[in-house]
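Read through the structure below, which is laid out as structure tokens, and then see the notes.
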Amino acid sequence: MSSFWVGNLVRLRGVEPEDWEVFHGFDENSVDMRRMDKIYPPRSAARQREWAEQAALEKPDGDKFQLAIESLADGALVGSVSTALIDHRAGRFSYGIAVCGDHKGRGYGSDAVPLLLNFMFGERRFHKCEASVWAYNEPSLAFQRKLGFTEEGRLRDHEFHAGRHHDVVLFGMTASEFAARHPFPREI
């Protein structure tokens, strides 16, 4: 059996209730949290369990969703990928990815993001994907460029954390740019 959601290294799947412990561990890594978004107050184990249970049962909200990234080699939960800021009129969406802890640098993100973009461009008919990255996050800036995203601008002193304001770098990729790097499958 072939699955649309399986790449060479990862499988994208829904969040399951038993994922709570792994996500709880991810949330305890302040460096990862700051690179992905921002630092939040600690969640209790009970609250993390509740979040995972709700995420597992959540009904789809149009084209906005979060998926777990699972390693094919050992079935480990290595991160998550999500869509946001859906604009059907303009055909635009944004995405976010988090590969956490010791799982970084193994190619999981480079395998997961094309699966997500193939769905959004090839199945949902979106025209453009956008991503934003903290300007100091060199690994994420390099990752966006490696995937084929184009730097489109910079929001100066746009976010505040760690006691100061930081720039945000904006990236974009169109469906045709994606398809040039990752042709859509011909078989149906």
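The residue pairs whose first member lies in region 1-12 and is touching a residue at least 24 places away in the same chain (Cβ under 8 Å) and closer than 15 Å to His103 by Cα, whose second member is small (Gly, Ala, Ser) and open to solvent by less than 70 Å² (accessible area, probe 1.4 Å), and whose beta carbons are closer than 6 Å, counting only pairs six or more residues apart or on different chains, are Leu9/Gly107; Val10/Ala112. Only residues that are open to solvent by 40 Å² or more (accessible area, probe 1.4 Å) and touching a residue at least 24 places away in the same chain (Cβ under 8 Å) were counted across region 65-82, and they come to 3.
As a summary of the residue check, Glu177 satisfies the conditions (1) open to solvent by less than 40 Å² (accessible area, probe 1.4 Å); (2) assigned to a helix (DSSP H, G or I) except for the one numbered (1).
Assess whether Arg106 counts as being closer than 21 Å to Gly7 by Cα and open to solvent by 80 Å² or more (accessible area, probe 1.4 Å). If you could, list the steps in order and put the result at the bottom.
Values: closer than 21 Å to Gly7 by Cα: yes; open to solvent by 80 Å² or more (accessible area, probe 1.4 Å): yes.
The answer is yes for Arg106.
Met120 fulfils the conditions (1) open to solvent by less than 60 Å² (accessible area, probe 1.4 Å); (2) of a type outside the set (S, T, N, Q); (3) in a strand (DSSP E or B) except for a single criterion, (3). A count restricted to region 79-100 and to residues that are farther than 21 Å from Phe184 by Cβ and more than 15 Å from the chain's Cα centre (by Cα) stands at 3. Would you check if there is a residue in region 136-148 being open to solvent by 70 Å² or more (accessible area, probe 1.4 Å), in contact (Cβ under 8 Å) with a residue 40 or more places away in the chain, under 28 Å from Val15 (Cα atoms) and assigned to a loop (DSSP other than H, G, I, E, B)? No, every residue in region 136-148 fails to be open to solvent by 70 Å² or more (accessible area, probe 1.4 Å), in contact (Cβ under 8 Å) with a residue 40 or more places away in the chain, under 28 Å from Val15 (Cα atoms) and assigned to a loop (DSSP other than H, G, I, E, B). Against the definition (open to solvent by 70 Å² or more (accessible area, probe 1.4 Å) and farther than 20 Å from Ala84 by Cβ), how does Arg156 come out, yes or no? Taking the combined requirement at face value, the residue satisfies it.
The values are calculated or read from the model by the stated rules, or taken from the named source; none is laboratory data. Because the structure is predicted, anything quoted here is derived from the model rather than measured. Glycine gets a Cβ as well: all are built from the backbone with ideal geometry, and neighbour counts include every protein chain shown. Accessible surface areas use protein heavy atoms only, side chains included; no ligands, DNA or RNA. Shrake-Rupley method; radii C 1.70, N 1.55, O 1.52, S 1.80 Å.
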